[in-house]
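Some notes on the structure that comes next.
Read the figures in this text as sums done on the coordinates, not as results from a lab. Keep in mind that this is a model prediction, so the values were computed, not measured. Cβ coordinates were reconstructed from backbone atoms using ideal geometry, including for glycine residues, and neighbour counts include every protein chain displayed.
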Amino acid sequence: IEIQIDEPENSNYIYTPIFIVQPIIENAIEHGIDMLDVGQGKISVRTYKDENLIIIEVKDNGTELFKRIGSNSLPMNDFGYGLRNVDNRIKLLCNEKYGVNITACETGTTAKIIFDEVLVRKAVEK
């Protein structure tokens, strides 16, 4: 597996809910790159900020999801336990407009975890 991690400077100061990236990477391996017939599995993790908004993006080069749903988003009803858990915890900490979004395309799958750093910080400091 080839893994690439791209994080912004000072990312060690970003407030994040605990245990939210591991289930996403586990899914990228199990449902994405483990299903490759040929080639090397690749995963990239990118974190970026837009004011208070934090986006953690996990991409893999597995195409099984694309074969199943085409160039669409995975409906939340199809989320497994790990994805649903991460999505629900973010919604509880922030609100319903934040959470996990999974999309597929011909070159792989992208999972985006989106949350408001200020709301997470407030919840953690309670």
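Every residue, every condition in (1) of a type in the set (A, V, I, L, M, F, W, C); (2) more than 21 Å from Q22 (Cβ to Cβ), yes or no:
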site	(1), (2)
E57	no, no
N72	no, yes
D87	no, no
C94	yes, no
G99	no, no
E106	no, yes
I114	yes, no
K126	no, yes
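Being under 14 Å from the mean Cα position of the chain (by Cα) and either of a type in the set (F, W, Y) or over 16 Å from I113 (Cα atoms) (or both) is the filter here; which residues of the range 65-79 pass it?
Restricting attention to the range 65-79, the residues satisfying the condition of being under 14 Å from the mean Cα position of the chain (by Cα) are 73-74, 76, 79.
Scanning the range 65-79 gives a single hit, F79.
Just one of (1) under 17 Å from V21 (Cα atoms); (2) within 14 Å of the chain's Cα centre (by Cα); (3) buried (at least 17 other Cβ atoms within 10 Å of the Cβ) trips up V120, so point out which.
(2)
What residue, of K122, K67, K91, is touching a Phe, Trp or Tyr at 6+ places or on another chain (Cβ under 8 Å) and free of Cβ contacts under 8 Å to residues at least 12 places away in the same chain?
On the way: K122 fails: touching a Phe, Trp or Tyr at 6+ places or on another chain (Cβ under 8 Å); K67 fails: touching a Phe, Trp or Tyr at 6+ places or on another chain (Cβ under 8 Å).
Checking each option against the conditions leaves just K91.
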